[in-house]
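Everything on this sheet refers to the single structure shown next.
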Amino acid sequence: MKTISLKIDDSIFDETETILSKIKNSRNRYINEALAYYNQVQKKNILEKKLTIESKLVSEDSLSVLKEFEDIIENI
């Protein structure tokens with residue numbers, strides 16, 4: 001495990017402490033779980049952006065191929 005030091009806004013810290021007292025979880029475990037969850041959200045966002053870009057690229061090629069097929073069918 002790595003040890004880090006971080007600065008947390010007072011309001012976020014206070015809210016976290018209130019929640020921790022109710023769920024009986026350690027601050028360290030809570031922060032680890034929060035970061036793991038946030039990492040998953042960010043990975044999903046990165047993948048979504050990548051797929052959107054790739055989809056646009058494929059869409060242009062697909063329309064071009066479709067146009068070529070239409071031209072071929074019209075000339076038959």
Exercise. Measuring from label point to label point, each 7 Å out along Cα→Cβ, what is the Ile53 to Ala34 span in nm?
Worked result: 3.1 nm
Exercise. With θ set to phi - 60° and the Karplus curve 6.51 cos²θ - 1.76 cosθ + 1.60, what are the ³J(HN,Hα) couplings of the stretch 45-52 in order, to the nearest whole Hz, using x for Gly and Pro?
Worked result: 5, 4, 5, 4, 5, 5, 5, 5
Exercise. If you put +1 on each Lys and Arg Cβ and -1 on each Asp and Glu Cβ, how big is the dipole of the stretch 35-76 around its Cα centre, in Debye rounded to 20?
Worked result: 620 debye
For this session: At 7 Å along the Cα-to-beta-carbon direction for both Gln42 and Ile73, put a label point, then send me their distance in nm to one decimal.
Result: 4.8 nm
Exercise. Where a Cα-Cα gap under 18 Å defines reach, which lysines qualify for Lys56, not counting those fewer than 8 residues away within the same chain?
Worked result: Lys67
Seminar exercise, completed: Under the 7 Å Cα-to-Cβ spin-label approximation, Asp9 and Arg27 lie apart by a distance in nanometres of 1.8 nm
For this session: Using only Cα atoms, tell me the angle between helix 10-23 and the longest principal axis of the chain; keep it within 0 to 90° and round to the nearest 10.
Result: 80 degrees
Exercise. How large is the charge dipole for the chain, taken about the Cα centre, if only the Cβ atoms of Lys, Arg (+1) and Asp, Glu (-1) carry charge, to the nearest 20 debye?
Worked result: 860 debye
For this session: Give the residue from Ser26, Val58, Asn39 lying farthest towards the positive end of the charge dipole for the stretch 10-74; charges sit on Cβ (+1 for Lys and Arg, -1 for Asp and Glu) and the dipole is referred to the Cα centre.
Result: Ser26
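Coordinate-derived values only; no laboratory data. Just so we're clear, the structure is a prediction, and the values are computed from it rather than from any experiment. Every residue, glycine among them, receives a Cβ derived from its backbone with ideal geometry; neighbour counts consider all protein chains shown.
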